[in-house]
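**Q** For reference, the structure I am asking about is given below.
The values are calculated or read from the model by the stated rules, or taken from the named source; none is laboratory data. Here the structure is a predicted model, which is why all the values come from computation and not from measurement. Cβ: placed from backbone, ideal geometry, glycine included. Neighbour counts: every protein chain shown.
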Amino acid sequence: MILTRERILDAAIERIARDGIDGVRIARIAMDAGVSTALVHYHFATREALLAEALEHSFERAGDTRTADTDEPERLQRLRDMVEQCLPLPGEQEKDWVLWVELWLRAVRHPELRPTAARLYERMHTWFVEAIEAGEFDCDADRVAVRVVALLDGLGLRALLGDPAMPVERAREEVWDALVRELGVAPPVAHE
């Protein structure tokens, strides 16, 4: 049985992705989650707190990377799968991206959300650093992680916005090409 707090967060993710945080009403999230408005307020004092926790929950829900079955060496495949996990692919990942955009917009105007953004970025950065270090690449893992996260943000946003010059397939190729060059490995193998 899903815990009540988790049901509320799942409903909030769906509703925020669909309506934006400013368009979300606590009563609607409560209805979507099958709980009372008072219970939502009990768990989350403000919409900003709800957004922050929904983002954390979304990040946790993304969980481990999917692993594709390829002939590519495991150390590269893990990174390729991570890049794939961070792109605004249709479905859950696109919803997660919409939540990120909501966080970016809100954190600009609401400084209390900036620590949430910093914490989530640090988790993503650490995730990439650990994968790069585990692959024993001859590079500065910290610097490479900073660059790959920046590329994912910039190119992923363009793909999310439907920029015809940057569909998600091209964003994937551009990020991967830059990443393997930073890692100092052979040019990328075509991705299915």
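**Q** Just to verify a result, which residue in region 63-109, among those that are acidic (Asp, Glu) and over 30 Å from residue 22 (Cα atoms), is modelled with the lowest pLDDT?
**A** Among them, the one singled out is 64.
**Q** Do you know which residues across region 1-45 are free of Cβ contacts under 8 Å to residues at least 12 places away in the same chain, in a loop (DSSP other than H, G, I, E, B) and in contact with a helix residue (DSSP H, G or I) (Cβ under 9 Å, 6 or more places away or on another chain)?
**A** 2, 25, 36, listed by residue number.
**Q** Now, a different point. Return the pair list, or none, for Cβ contacts closer than 8 Å from residues in region 168-181 that are under 15 Å from residue 82 (Cβ atoms) and touching a residue at least 12 places away in the same chain (Cβ under 8 Å) to residues that are of a type in the set (Val, Ile, Thr) and assigned to a helix (DSSP H, G or I), at least 6 apart or on different chains.
**A** 172/83; 175/83; 175/148; 176/83; 178/148; 179/83; 179/144; 179/148
**Q** Determine which member of the set 138, 153, 163, 177 is closer than 21 Å to residue 117 by Cβ and among the charged types (D, E, K, R).
**A** Matching residue, one of 138, 153, 163, 177: 153.
Condition check ((1) crowded, with 17+ Cβ neighbours inside 10 Å; (2) outside any helix (DSSP H, G or I)) across all residues:
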residue: 80; (1), (2): yes, no
residue: 90; (1), (2): no, yes
residue: 93; (1), (2): yes, no
residue: 129; (1), (2): yes, no
residue: 138; (1), (2): no, yes
residue: 143; (1), (2): no, no
residue: 148; (1), (2): yes, no
residue: 154; (1), (2): no, no
residue: 182; (1), (2): yes, no
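**Q** Then there's this: Quick check, is residue 103 among the aliphatic types (A, V, I, L, M) and surrounded by fewer than 20 Cβ atoms within 10 Å (Cβ to Cβ)?
**A** Taking the combined requirement at face value, the residue does not satisfy it.
**Q** Going by the structure shown, is residue 174 more than 28 Å from residue 49 (Cβ to Cβ) and at pLDDT below 90?
**A** So residue 174 does not fit the description; no.
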